[in-house]
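Engineer: Before I ask anything, here is the structure I am working with.
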Amino acid sequence: MKSTIELEQETTGQPAASRTEAARQWLRHRLGTGPVEEMAAHKTVPVHRHTIWYYLGGMTLFLFTIQVVTGILLLLYYRPSAEEAFESVQFIMTDVSFGWLIRSIHSWSANLMIATLFVHMFSVFFLKAYRPPREMTWITGVLLLFIALGFGFSGYLLPWNKLAFFATRVGTEIPRVFPLVGDFLMRFLRGGDEVTGATLTRFFGFHVAILPALTTAILGVHLWLVQSHGMSRPPGTEQNGKEMKFVPNFILRDIMGWLLALGILAALAALFPWELGEKADPFASAPAGIRPEWFFLFSFETLKLLPGHIWFFEGEALGILGFTIGIGFWLLVPFLDRKAARGLPSAGFTLIGAAVLLYIIVMTAIGFWS
Amino acid sequence: MRRDRSQVRKSCPKVLGPVICVGLLALFSPVSAQPKAADSCVACHNELDEGLARQMEGDVHLQKGLGCVGCHGGDASNADQELAMARASGFVGQPKPGQVPDFCGKCHSNAGFMKRFNPALRIDQQAEYVTSVHGKLLSQGDQTVATCVSCHGSHGIRPVSHPQSRVYPLNVAGTCGKCHADPSYMKSRLPTDQVAHYQKSVHAEALMKKNDLSAPTCNDCHGNHGASPPGVSSVANVCGTCHTRQAEMFRQSPHNASFEQLGQAECLVCHENHQIDSPSDRMLGSKEPATCAGCHSEGDPGSTAADSMSRSLAGLAGQLREAEKLVARAERAGMEVSRARFGLSEGYDALVGARVVVHRFSAGHLKAETDRGMAIARTTQQQGEQALAELQFRRKGLAASLLVIALALVAVYFKIQQIERPKE
């Protein structure tokens, strides 16, 4: 059996600088990480007045990693049935060592992740980072946002508490307004006509199998595209040639952000543990003030404020149609913003983005205080 | 009356009368109360008393298809007043008070007839009525006492379950009070403060303020058709129809025999009859305002037992309060305390149970009950203390974690400074 150093000497013909270097070389030859290391060594990040927004993607990824780790730990004790779900989460919160911490971090991190996702998406939008050749990076990113919302919607029901139960009943009713497929969609989501234990089991399946599988595939493509295209320079900063190396300068700054996020998460989990509420009772009357999670509030409030009928159409159906068109438009922004694609200023799209952002903030605020 | 009828006769000629009057009725009567177009009773009486049609609105008899003739007899299809109200056509007119029970009872005591409308309705109202104080006085010739119509009304009678019915639970006290709270009507035959006292009672509060329709009103203790005051020996039975455990405990208590000997009206000795206050632990003990002090003198065995029972209850209530304070503190700090909350509710159940056992008037039996509650309260208090200790542990853990994170942040910051320092 030859030693690694001997193997290294054999393959490179050069003596290894040290044992660490030798081990690195050993791995490089066997895992074929050479091109990755090569890319990391040469990858740079533009430095300009908007550089701070580059950290949001990494921050979201960090929070997603926390979700995966804490989610797996929760799976060790969680039981996805109407009879046991609430009790199992209660057990996690009271009897499992540090179970309260894991669950609280999972819940807080989910909310922070969706918040950073929104900020990341709008920063990319306003910095016009969707310009060619990054159209697919934008589309995969928007898809990841919708998947994250799906994680939020399905995960909200899993503790099987009263608020989540009734909010899910309202939420799963909404797809019903789609013509032809509405009833099918509602029954598909609920696993029947009503929100029952079958819905919980189904949502658990979405949350731990289907959505993670989709995320793995789309996130893989998204990250590969980000690495292969590099960071986009916003219009107006092209003249500034300043850059920093991705490894280690940018990564170290990323780590600082992650440490900060970790501190915030620890403080939130310890000082404001995520509430469990009361166990869902399908036969009880709906509690007052049912509303969805904050990230669905703007759409929920819109549908609530729409009149019952607009011309010949049902108000809610028209609202859903509006959101569907809006989502389609948002996905196709890189192809519609032709000026930005040609490197010209596109104030129109900046205005549209500002209007959408303002709309989301205002409607969310109305939802909170109404 | 005669003059009015002649006027009506003039205003309702034999041919045109029914047509015009029925037309008027159709204009002013709501749809539900509309009788048959050819109803000559309605046609003429609406002229005499314009409110009659309105009075009949929602009347249960009318809804079941029984018009004026159903009770008063006669022939409503005949437009001729004399013929319509002829004795030969079964007309009985307005009954005198003494005739009312038979008047209503001819249908309501007839099982075969009532089955056609409501097979579940009882048919013993008249039989019960004759046993009531009202019924007995009526049979003695007192025409001022209450009969069926005094409580149910004559026209516009609604089912008991209808909120506008005079005998709907929320309206019963007012209906009875119409006579029983009127000194000029009662003429010193009975006191007239019962309704006023009842309005201040725990029962009235439950019924009127909390809308708890299961809470008792006059008829629940006195009976409805057979209304009479419960006898001294039957009070515990009357109260016991709802307060079953208390009655059971009382029967096993030493007070049962002694009250019987003394001719005391059981429950009422401590709780009064109409103005039944919300019971409190202060009722127990050897000193005022405890009700025990009304009979027992300080130092006698009963008074000693009362003090001991009072201490047991106070001890359990105090222990539960302490436990609740701790649990609430932990809950406000965001701790998961649902099990402790469940324990607390079990503890309060034990306290309620102990308050029921008071009616056994045995310090030993009560202590056994409060001891059970004390054990639950102590466990709950421990859970609250554990939650607060856990909270402290979490805060210390957070401080330590934040310190480590801060050190790591500083280290990374200096590392960045080091690698970005311009090389000389």
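The values are calculated or read from the model by the stated rules, or taken from the named source; none is laboratory data. Keep in mind that what you see is a predicted model, and the values were worked out from it rather than measured. Positions of Cβ are generated from backbone atoms using ideal geometry, with glycine treated the same way; all protein chains shown enter the neighbour counts.
Engineer: Identify all residues within segment A:144-162 that are part of a helix (DSSP H, G or I), at pLDDT 95 or above and farther than 20 Å from A:Trp53 by Cβ; write none if there are none.
Structural biologist: Within segment A:144-162, A:Phe146, A:Ile147, A:Leu149, A:Gly150, A:Phe151, A:Gly152, A:Phe153, A:Ser154, A:Gly155, A:Tyr156, A:Leu157 qualify.
Engineer: Any idea how many residues of segment A:311-326 are of a type in the set (Val, Ile, Thr) and touching a residue at least 40 places away in the same chain (Cβ under 8 Å)?
Structural biologist: The number of residues fulfilling the criteria is 1.
Engineer: Criterion first (at pLDDT 95 or above and not hydrophobic (A, V, I, L, M, F, W, C)) does B:Gly397 satisfy it?
Structural biologist: yes
Engineer: Hey, among A:Leu262, A:Leu223, A:Leu303, which residue is of a type in the set (A, V, I, L, M) and within 21 Å of A:Ala41 (Cα to Cα)?
Structural biologist: The conditions single out A:Leu223.
Engineer: Then there's this: Would you mention how many residues in segment B:205-216 are of a type in the set (S, T, N, Q) and either at pLDDT 95 or above or closer than 14 Å to B:Pro163 by Cα (or both)?
Structural biologist: 1
Engineer: In addition: Filter segment B:196-239 down to residues that are buried (at least 20 other Cβ atoms within 10 Å of the Cβ), of a type in the set (A, V, I, L, M, F, W, C) and in contact (Cβ under 8 Å) with a residue 60 or more places away in the chain, then give me how many there are.
Structural biologist: 1
Engineer: Can you name the condition, by its number, that B:Leu190 falls short on among (1) assigned to a helix (DSSP H, G or I); (2) in the same structural domain as B:His108 (by TED's automatic domain parsing)?
Structural biologist: Against the list (1) assigned to a helix (DSSP H, G or I); (2) in the same structural domain as B:His108 (by TED's automatic domain parsing), B:Leu190 comes up short only on (1).
Quick grid of which residues meet (1) among the aromatic types (Phe, Trp, Tyr); (2) modelled with pLDDT under 90:
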| residue | (1), (2) |
| --- | --- |
| A:Lys2 | no, yes |
| A:Leu31 | no, no |
| A:Pro35 | no, yes |
| A:Ala40 | no, yes |
| A:Leu61 | no, no |
| A:Phe64 | yes, no |
| A:Ile105 | no, no |
| A:Ser109 | no, no |
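Engineer: Looking only at segment A:305-346, which residues are of a type in the set (Gly, Ala, Ser) and modelled with pLDDT of 90 or more?
Structural biologist: Residues satisfying the conditions are A:Gly319, A:Gly322, A:Gly326, A:Gly328, A:Ala340, A:Ala341, A:Ser346.
Engineer: Against the definition (in contact with a Lys or Arg (Cβ under 7 Å, 6 or more places away or on another chain), surrounded by fewer than 17 Cβ atoms within 10 Å (Cβ to Cβ) and not in a helix (DSSP H, G or I)), how does A:Asp183 come out, yes or no?
Structural biologist: No.
Engineer: Additional query: Considering segment B:71-99 alone, what residues qualify as being touching a residue at least 24 places away in the same chain (Cβ under 8 Å) and surrounded by fewer than 16 Cβ atoms within 10 Å (Cβ to Cβ)?
Structural biologist: B:Ser77, B:Asp80, B:Lys96, B:Gly98
Engineer: Sort out which residues of segment A:22-60 are aromatic (Phe, Trp, Tyr) and on the phi > 0 side of the Ramachandran plot, and write them in order of number.
Structural biologist: Passing the criteria: none in range.
Engineer: Right, next: Take the conditions over 24 Å from B:Ala354 (Cβ atoms), touching a residue at least 40 places away in the same chain (Cβ under 8 Å) and loosely packed, with under 14 Cβ neighbours inside 10 Å and apply them to B:Leu190. Does it pass?
Structural biologist: no
Here's the yes/no breakdown for (1) touching a residue at least 60 places away in the same chain (Cβ under 8 Å); (2) of a type in the set (Phe, Trp, Tyr); (3) within 14 Å of chain B (Cβ to nearest Cβ):
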| site | (1), (2), (3) |
| --- | --- |
| A:Glu84 | no, no, no |
| A:Gln90 | yes, no, yes |
| A:Val96 | no, no, yes |
| A:Ile105 | yes, no, yes |
| A:Ser109 | yes, no, no |
| A:Leu117 | no, no, no |
| A:His120 | yes, no, no |
| A:Ser123 | yes, no, no |
| A:Arg134 | yes, no, no |
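Engineer: Okay, moving on. Check off (1) assigned to a helix (DSSP H, G or I); (2) facing another protein chain (nearest Cβ under 8 Å); (3) not charged (D, E, K, R) for A:Pro273 and give me the number that stays unchecked.
Structural biologist: Tallying (1) assigned to a helix (DSSP H, G or I); (2) facing another protein chain (nearest Cβ under 8 Å); (3) not charged (D, E, K, R), A:Pro273 fails exactly one: (1).
Engineer: Quick test for you: out of B:Ser154, B:Ser161, B:Ser132, pick the one residue that is under 15 Å from B:Asn224 (Cβ atoms) and without any contact (Cβ under 8 Å) to a residue 40 or more places away in the chain.
Structural biologist: Testing whether each residue is under 15 Å from B:Asn224 (Cβ atoms) and without any contact (Cβ under 8 Å) to a residue 40 or more places away in the chain leaves just B:Ser161.
Engineer: Scan (1) free of Cβ contacts under 8 Å to residues at least 40 places away in the same chain; (2) closer than 30 Å to B:Pro254 by Cβ for the single condition B:Val357 breaks and write down its number.
Structural biologist: (1)
Engineer: When you look at A:Arg49, is it among the charged types (D, E, K, R), at pLDDT 90 or above and closer than 18 Å to A:Arg253 by Cβ, yes or no?
Structural biologist: yes
Engineer: Here's a check for you: in segment A:250-270, which residue that is farther than 16 Å from A:Met59 by Cα and surrounded by fewer than 21 Cβ atoms within 10 Å (Cβ to Cβ) is nearest to the other protein chains (Cβ to nearest Cβ)?
Structural biologist: Per the criteria, the residue is A:Ala267.
Engineer: Is it true that some residue in segment B:368-383 is among the aliphatic types (A, V, I, L, M), closer than 25 Å to A:Ala270 by Cα and away from chain A (no Cβ under 13 Å)?
Structural biologist: no
Engineer: Can you name every residue in segment B:339-362 that is more than 14 Å from every other protein chain (Cβ to nearest Cβ), basic (Lys, Arg) and over 11 Å from B:Ser312 (Cβ atoms)?
Structural biologist: Within segment B:339-362, B:Arg360 is the sole residue that qualifies.
Engineer: What single numbered condition from (1) within 14 Å of chain A (Cβ to nearest Cβ); (2) in a helix (DSSP H, G or I) fails to hold for B:Glu336?
Structural biologist: Among (1) within 14 Å of chain A (Cβ to nearest Cβ); (2) in a helix (DSSP H, G or I), B:Glu336 violates only (2).
Engineer: Could you go through segment B:84-93 and let me know if any residue there is in contact with a Pro (Cβ under 6 Å, 6 or more places away or on another chain), more than 23 Å from B:Thr144 (Cβ to Cβ) and not basic (Lys, Arg).
Structural biologist: No, segment B:84-93 contains no residue that is in contact with a Pro (Cβ under 6 Å, 6 or more places away or on another chain), more than 23 Å from B:Thr144 (Cβ to Cβ) and not basic (Lys, Arg).
Engineer: Further question on the same structure: Please verify whether segment B:394-410 includes one or more residues that are surrounded by 13 or more Cβ atoms within 10 Å (Cβ to Cβ), more than 10 Å from chain A (Cβ to nearest Cβ) and either outside any helix (DSSP H, G or I) or within 60 Å of the chain's Cα centre (by Cα) (or both).
Structural biologist: No.
Engineer: Taking B:Ala317 as the residue in question, decide whether it is at pLDDT below 95 and either over 29 Å from A:Val89 (Cα atoms) or within 14 Å of chain A (Cβ to nearest Cβ) (or both).
Structural biologist: no
Engineer: Another question about this same structure. Output the number of residues of segment B:217-240 satisfying the condition of being modelled with pLDDT of 90 or more and over 20 Å from B:Glu266 (Cβ atoms).
Structural biologist: Adding up the residues that qualify gives 3.
Engineer: Report the residue count in segment A:34-49 for those that are touching a Lys or Arg at 6+ places or on another chain (Cβ under 9 Å) and not in a helix (DSSP H, G or I).
Structural biologist: 6
Engineer: Restricting attention to segment A:276-310, and to residues there that are without any contact (Cβ under 8 Å) to a residue 40 or more places away in the chain and assigned to a loop (DSSP other than H, G, I, E, B), which single residue is nearest to A:Gly197 (Cα to Cα)?
Structural biologist: Per the criteria, the residue is A:Phe283.
Engineer: Right, here's the next one. Keeping to segment B:167-187, report how many residues are closer than 24 Å to B:Leu268 by Cβ and outside any helix (DSSP H, G or I).
Structural biologist: 1
Engineer: Out of (1) more than 10 Å from chain A (Cβ to nearest Cβ); (2) within 27 Å of B:Arg339 (Cβ to Cβ), the odd one out for B:His365 is which?
Structural biologist: That leaves (2) as the condition not met.
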